[in-house]
Amino acid sequence: MRHKKNAPTAPTSEHPSKLQRDLLPRILEMIRQDELLPGQRLPEAAFARRLQVSRTPVRAALRHLAERGVIAALPNGGHALSRPASEIAESDYAAASADLDAYCVAIARDRVAGTLPSQASEADMMRRYDIGRPLLLRVLNKLAGVGLVERRPGHGWHFSPLNDDAAIIESYAFRRIIEPAALLEAGFAPDPAWLAEMRRRHEAMLARPWSETASIALFEMNCEFHEGLIAACGNRYLLLALQQQSRLRRYANYSWRYGPERVAVSCREHLEIIARLEAGEREIAAVLLRRHLDRAREVSLSPRAASPY
């Protein structure tokens, strides 16, 4: 009697691409930041929006995490967290996000202080920050992804210009015109799920002990909040204009020097705006947003401040 050959085993997935490897620690960091619970569905679309990539690489990165048992695939598609976020170790997934953020903060601080020139070679930065080229390139690529630096021919990099006081005043004046007005547009319709996500993330930020590297997560969350409000009015030109303002503000915000007190004030002001929008009180939300920008402008021009959002 002939024995049947063993059925072929299912092929293993390909090794993650460079982009997917870069996304793995950032996705893990978002899971921890959002304080997701075991069994909770992972918001793939929200992750893609926050990472500024399409859903395809995010979905692929989630599959790799599922293969490692960090998350679980759901029967109807998508993924959910399979164990508490506190038990997830980053050591298995390339460089830790905190390491990348620490170098991003150092570079932003040196740019604001004027000790890092607008153009620098990789060799110069490797010596300055005592960092190897692979990790430096990951840091620079992260900064390039948010428009703070671009590669020059050869091994040089060009950093975007800094804002002076006059530019800060003009920026807030511009934002004061377009942001509250967006809330009063006839087509303004924020997604309730997005508002709930923003509320959850702000509350998590308030509950978390402050650390220097948290300035990056804080600023990106604030960008998503302000840009999300603009996006809800459906005017692509207003959104593009505000995204440009976000790029101009990143250096000062990445090198945050104002302390956790201002973090708490900013988060609470955002939460009040969210509450008014959830209640359908757009006019009050617009007033609160204008007041928030006015207060932020005053703090941003004070000697201690980097930027208050």
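Yes or no: residue 111 at pLDDT 80 or above, over 26 Å from residue 198 (Cβ atoms), within 24 Å of the chain's Cα centre (by Cα) and in a helix (DSSP H, G or I)? Judged against the criteria, residue 111 is a match.
Restricted to segment 103-114, and to residues there that are surrounded by 15 or more Cβ atoms within 10 Å (Cβ to Cβ) and not charged (D, E, K, R), the residue that is farthest from residue 49 (Cα to Cα) is 112. Tally the residues that are at pLDDT 85 or above and either open to solvent by 30 Å² or more (accessible area, probe 1.4 Å) or outside the structural domain of residue 28 (by the TED database) (or both), restricting the search to segment 56-87. So the count comes out to 6.
Scan segment 115-149 for residues that are among the aliphatic types (A, V, I, L, M) and either exposed (fewer than 14 other Cβ atoms within 10 Å of the Cβ) or assigned to a helix (DSSP H, G or I) (or both) and jot them down. First the steps, then the outcome.
Here is the first cut: in segment 115-149, the ones among the aliphatic types (A, V, I, L, M) are 116, 120, 123, 125-126, 131, 135-137, 139-140, 143-144, 146, 148-149.
Of everything in segment 115-149, those that are among the aliphatic types (A, V, I, L, M) and either exposed (fewer than 14 other Cβ atoms within 10 Å of the Cβ) or assigned to a helix (DSSP H, G or I) (or both) turn out to be 123, 125, 126, 135, 136, 137, 139, 140, 143, 144.
For beta carbons closer than 6 Å, sequence separation of 6+ or different chains, a first residue in segment 227-246 that is farther than 18 Å from residue 50 by Cα and a second that is surrounded by 14 or more Cβ atoms within 10 Å (Cβ to Cβ), the qualifying pairs are 233/182; 233/185; 233/188; 238/178; 238/182; 238/230. Inspection of segment 214-225 finds a residue satisfying the criterion of being closer than 20 Å to residue 33 by Cα and of a type in the set (S, T, N, Q).
Name the single residue that is farthest from residue 281 (Cα to Cα) among those in segment 190-241 being polar (S, T, N, Q) and open to solvent by less than 10 Å² (accessible area, probe 1.4 Å).
215
A count restricted to segment 48-71 and to residues that are touching a residue at least 24 places away in the same chain (Cβ under 8 Å) and among the polar types (S, T, N, Q) stands at 1. Just the residues that are within 30 Å of residue 240 (Cβ to Cβ), in contact with a Ser or Thr (Cβ under 8 Å, 6 or more places away or on another chain) and aliphatic (A, V, I, L, M), please, taken from segment 49-88. Of everything in segment 49-88, just one residue is within 30 Å of residue 240 (Cβ to Cβ), in contact with a Ser or Thr (Cβ under 8 Å, 6 or more places away or on another chain) and aliphatic (A, V, I, L, M), namely 60. Just one of the numbered conditions (1) open to solvent by 70 Å² or more (accessible area, probe 1.4 Å); (2) at pLDDT below 85 is not true of residue 41: (2).
Taking the condition of being open to solvent by less than 10 Å² (accessible area, probe 1.4 Å) and not basic (Lys, Arg), how many residues in segment 173-188 meet it?
Here is the first cut: in segment 173-188, the ones open to solvent by less than 10 Å² (accessible area, probe 1.4 Å) are 175, 179-180, 182-183.
When the remaining residues are screened for being not basic (Lys, Arg), the result is 179-180, 182-183.
Total satisfying the criteria: 4.
The numbered conditions (1) modelled with pLDDT of 85 or more; (2) within 11 Å of the chain's Cα centre (by Cα) are all true for residue 220 except (1).
Scanning segment 174-215 for residues that are within 26 Å of residue 259 (Cβ to Cβ), hydrophobic (A, V, I, L, M, F, W, C) and more than 16 Å from the chain's Cα centre (by Cα) returns 206, 207, 210.
The values are calculated or read from the model by the stated rules, or taken from the named source; none is laboratory data. These numbers come from a predicted model, not from an experiment. Cβ atoms come from the backbone with ideal geometry, glycine included; neighbour counts cover every protein chain shown. Accessible surface is based on the protein model in full, side chains and every heavy atom, while ligands, DNA and RNA are left aside. Shrake-Rupley method; radii C 1.70, N 1.55, O 1.52, S 1.80 Å.
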